[in-house]
Structure formats: C-alpha cells, structure tokens
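Trainee: Following this message is one structure expressed as structure tokens.
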C-alpha cells in the first residue's frame, strides 16, 4: 500500500519510538526480589526451597511441605549514561546535548503462595513483575522530539499446579495473565508542547516446568516460558507547514506490537556436603523472532528490522552453610547480547554482553520463618549507536539490585 506524503514524514519518528517499547517491554529480568539474586540467578529452576518456585519452576512446588508463602521487595539502580555524538544530525540541528543516565532508581517485588492438596498435588499463585523497564531521556536533550521518557511495565498473575509422578519426576504448569502498560512522552517539534501517549493491554501465556531428582543430593529443573505479544494503540498528531494556508494538523492511529519472546531455562542443584552446595544455569531466549516488527497505521503496515539474534545465559553459584541458622550464597552469570556487534546497537535498545555478580545471606528466624537479603551487580559492555540521526555511545553501563525476602510456613 502506498503511503501518503505526510505519513512518510511521520513514520521515521514513530518507528524510532517503537524500539523504545521493545526495550522497555522487551527486557526480561531474572531479578524479582527473591533469594535467587544472591546466586546471580544460578540454580533458579532447581533449588525449589520456598514458595517463589511457583515462578522459578512450577514443578518445584512438589518439594514444599504443607502451605508456604514468600514475599520480596527489590530496589534497582541503573547507571546507563548515553552520550550523543557531536556529529549526529539532531545534535547539530536541535542542540541540547546528551540525556545522561536514562534509568536511575526503580522499585520491584513479588509475592507467592503454595498450597498442598496432598503430598503429591500442589496448587499455588504468584504475583510478580519480571518484564519491563522505564527510561527517562529528559526534555532538553537532542532527541527530545523523538522521546522524553518511555516505559512499558508488565505485572503477571500466575495460578499454578504441580504433580509428583514418582520419587524422581514432577511436572508443573502455570497460566500467566500479563497486564502491560506502555507510555511514551516527547516534545512537539514545532510548538514545544508535551505529547503524552499511553495504553494498556492484557495478554496470556504459560510457564511449564519439569523437576528431575536422580538422588536426594541432586536436582535438575527445566522451565519453558511461552511468547507473549502486547498490542498498544497510539493516536499520533503531527503539524505540517503548508506553502499556502498556514499549518495543517493530521492525526493517525499507530498500533505497536511488543514481544516477550519464548525462553528456556535449565538449572541444576548439587549438594556436595553438609555445608556446601553448587548451582548452575543454562538458558536461551528467542530474540531472533523479534528481528522484524510491524507498525500498523491507518495507511498500512510498515516493517522495521532490528536485526536481533537469540541470547544465551550461563551461571554458576555456590552455597555455604555457615551455621545452623545462616547460609551464605554467591554466584556469577553471563548473558550474551542480542546484537552481533556492540558498535551496531541502538540508543533505544541498550543491550550488550553482561556479567552479573551476586551475594546473599539467608537467616532462619524460627522453624517456620526465614529472612533473605541479597545484592547483585550487573556490568554491561560499552555500546555504540552508529546512526547519523542521533548516534552516540553508552559508556560503562551497570545496574545494582538490592532485595529482601521473607518466607513463612503455615
């Protein structure tokens, strides 16, 4: 379908905004306020030691005795500074410089409950947000007409069931009801007015888990998470100067799809002795399916290629039983980038190879309750956006996660 001239002028800005929703909503977080943060996520699908296994591996609920609950709070700080190149087109024409740190502080948390119908049959429910991010570029930077701030946050409610087939095998399944909220703010190029667009969407998916216990000291867990697609509608208003008759304003509807790709996580837990245990992960996320994105308008459909590739995750962790009431956890993890080269990144999609380093402690408060504290440091590789429009560089990006979790057995 042939696009009208005014739409040709509007689409570049709209397509630039679309990857922002990809980043804000296209970023899975392993960190949701659980004790896994202390392990840098290592062993997440195999530990199954409290009610947070509702999320980590639904099949792990068969290892929990009686009824249990777990709740956690988390604070994330992102130091992600973007420096606009002096040679970029918008810097030379619009001025304003760089946005600086585009993330800063963000809160998070989760809550889970596991209920025993019998020794072999468990049901549970979880509430968590592991998908989303908010970025604030500011109103004065060179790209303010493209984006001021953006956010796509998703909260998931997950009812879950698990069944122990025999002493070694357990299966689990959860339905994910995902509520996504998208927001985009920018500054109008002609009037300087604030343009604010937002929408919300419910989408559904699934988490399936398997737990294999070849011995009392060894557990292997596998979790598959389905793809989830969010659809957001935005009305766009643009003003065009006319040769005769002043200005003309035109509004069109844009529908942007945000994909949370399918992923697989395999974990292992190995008890070495009364004091020591090792944990590990191997994970995969299907980001290559997000390489092409459709922006549907009332003038047709435009496809933008982001040239993404699948990502891989590997992690190794350890636990030390310091005394009868205290356990110390530590871990390190590596995640590959969805870009083939870090010098071909986008300012709106700051993803690169990253390392996570976690440290945590768990205190047994009573036979029924436990408190966990954890911290994690994420260091990502430098990234460069080579575009002539608003190209630049991310220098030394990092994130810090702090969490506290409380578990109780009824």
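The values are calculated or read from the model by the stated rules, or taken from the named source; none is laboratory data. What you see is a predicted model; the values in this text were computed from it and never measured. Please note: Cβ atoms are built from the backbone with ideal geometry, for glycine as well, and neighbour counts cover all protein chains shown.
Trainee: Checking residue 60 against (1) closer than 16 Å to residue 378 by Cα; (2) modelled with pLDDT of 95 or more: exactly one of these is not met. Which one?
Mentor: For residue 60, the failing item is (1).
Trainee: Given the criteria surrounded by 18 or more Cβ atoms within 10 Å (Cβ to Cβ) and over 20 Å from the mean Cα position of the chain (by Cα), does residue 358 qualify?
Mentor: no
Trainee: Of the residues that make up the stretch 295-307, is at least one modelled with pLDDT of 95 or more and buried (at least 18 other Cβ atoms within 10 Å of the Cβ)?
Mentor: Checked against the condition, which is being modelled with pLDDT of 95 or more and buried (at least 18 other Cβ atoms within 10 Å of the Cβ), the stretch 295-307 yields no hits at all.
Trainee: Among the residues of the stretch 103-124, which ones are in contact (Cβ under 8 Å) with a residue 60 or more places away in the chain and either within 20 Å of the chain's Cα centre (by Cα) or more than 28 Å from residue 154 (Cα to Cα) (or both)?
Mentor: 103, 108, 109, 110, 112
Trainee: Mind checking which residues of the stretch 378-410 are assigned to a strand (DSSP E or B) and more than 30 Å from residue 64 (Cα to Cα)?
Mentor: 378, 379, 380, 383, 384, 385, 392, 393, 394, 398, 399, 400
Trainee: Scan the stretch 134-147 residue by residue and report those that are under 22 Å from the mean Cα position of the chain (by Cα) and surrounded by fewer than 22 Cβ atoms within 10 Å (Cβ to Cβ).
Mentor: To start, the set of residues in the stretch 134-147 that are under 22 Å from the mean Cα position of the chain (by Cα) comprises 134-137, 147.
Once the filter is applied, which keeps residues that are under 22 Å from the mean Cα position of the chain (by Cα) and surrounded by fewer than 22 Cβ atoms within 10 Å (Cβ to Cβ), the stretch 134-147 yields 134, 136.
Trainee: Could I ask something else about it? Residue check: is residue 128 surrounded by 20 or more Cβ atoms within 10 Å (Cβ to Cβ) and within 25 Å of the chain's Cα centre (by Cα)?
Mentor: yes
Trainee: Can you tell me which residues in the stretch 94-117 are more than 11 Å from residue 162 (Cβ to Cβ) and part of a loop (DSSP other than H, G, I, E, B)?
Mentor: Result: 94, 95, 96, 97, 98, 99, 102, 103.
Trainee: Also, I was wondering about something else. Please pick out the residue among 402, 389, 371 that is surrounded by 14 or more Cβ atoms within 10 Å (Cβ to Cβ) and without any contact (Cβ under 8 Å) to a residue 40 or more places away in the chain.
Mentor: None of the other options fit; the residue is 371.
Trainee: Can you work out which of the residues in the stretch 308-326 that are touching a helix residue (DSSP H, G or I) at 6+ places or on another chain (Cβ under 6 Å) and assigned to a loop (DSSP other than H, G, I, E, B) is modelled with the highest pLDDT?
Mentor: 310
Trainee: Checking the structure you have, find out if any residue of the stretch 71-85 is under 30 Å from residue 169 (Cα atoms), part of a strand (DSSP E or B) and within 26 Å of the chain's Cα centre (by Cα). So that I can check it myself, show each step before the final result.
Mentor: So in the stretch 71-85, the residues under 30 Å from residue 169 (Cα atoms) come out as 71-72.
Filter once more, keeping what is part of a strand (DSSP E or B): 71-72.
In the following step, the residues that additionally are within 26 Å of the chain's Cα centre (by Cα) were identified as 71-72.
Yes, the stretch 71-85 has at least one match.
Trainee: Do you know which of the residues in the stretch 251-263 that are more than 23 Å from residue 155 (Cβ to Cβ) and at pLDDT 50 or above is surrounded by the most Cβ atoms within 10 Å (Cβ to Cβ)? Let's see the steps before the verdict.
Mentor: First, the residues of the stretch 251-263 that are more than 23 Å from residue 155 (Cβ to Cβ): 251-254.
Of the ones still in play, those that are also at pLDDT 50 or above are 251, 253-254.
Details: 251: 9, 253: 12, 254: 22.
The extreme case among them is 254.
Trainee: Of the residues in the stretch 366-389, how many are in contact with a helix residue (DSSP H, G or I) (Cβ under 6 Å, 6 or more places away or on another chain) and modelled with pLDDT of 90 or more?
Mentor: Within the stretch 366-389, residues that are in contact with a helix residue (DSSP H, G or I) (Cβ under 6 Å, 6 or more places away or on another chain) and modelled with pLDDT of 90 or more number 6.
Trainee: Which of the residues belonging to the stretch 206-234 are within 20 Å of the chain's Cα centre (by Cα) and within 30 Å of residue 146 (Cα to Cα)?
Mentor: Once the filter is applied, which keeps residues that are within 20 Å of the chain's Cα centre (by Cα) and within 30 Å of residue 146 (Cα to Cα), the stretch 206-234 yields 227, 228, 229, 230, 231, 232.
Trainee: Kindly indicate whether any position in the stretch 14-37 is outside any loop (DSSP other than H, G, I, E, B), touching a strand residue (DSSP E or B) at 6+ places or on another chain (Cβ under 6 Å) and modelled with pLDDT of 90 or more.
Mentor: Scanning the stretch 14-37 turns up at least one residue that is outside any loop (DSSP other than H, G, I, E, B), touching a strand residue (DSSP E or B) at 6+ places or on another chain (Cβ under 6 Å) and modelled with pLDDT of 90 or more.
Trainee: When the residues of the stretch 174-205 are narrowed to those that are surrounded by fewer than 16 Cβ atoms within 10 Å (Cβ to Cβ) and either closer than 25 Å to residue 155 by Cα or modelled with pLDDT of 95 or more (or both), which ends up farthest from the chain's Cα centre (by Cα)?
Mentor: 196
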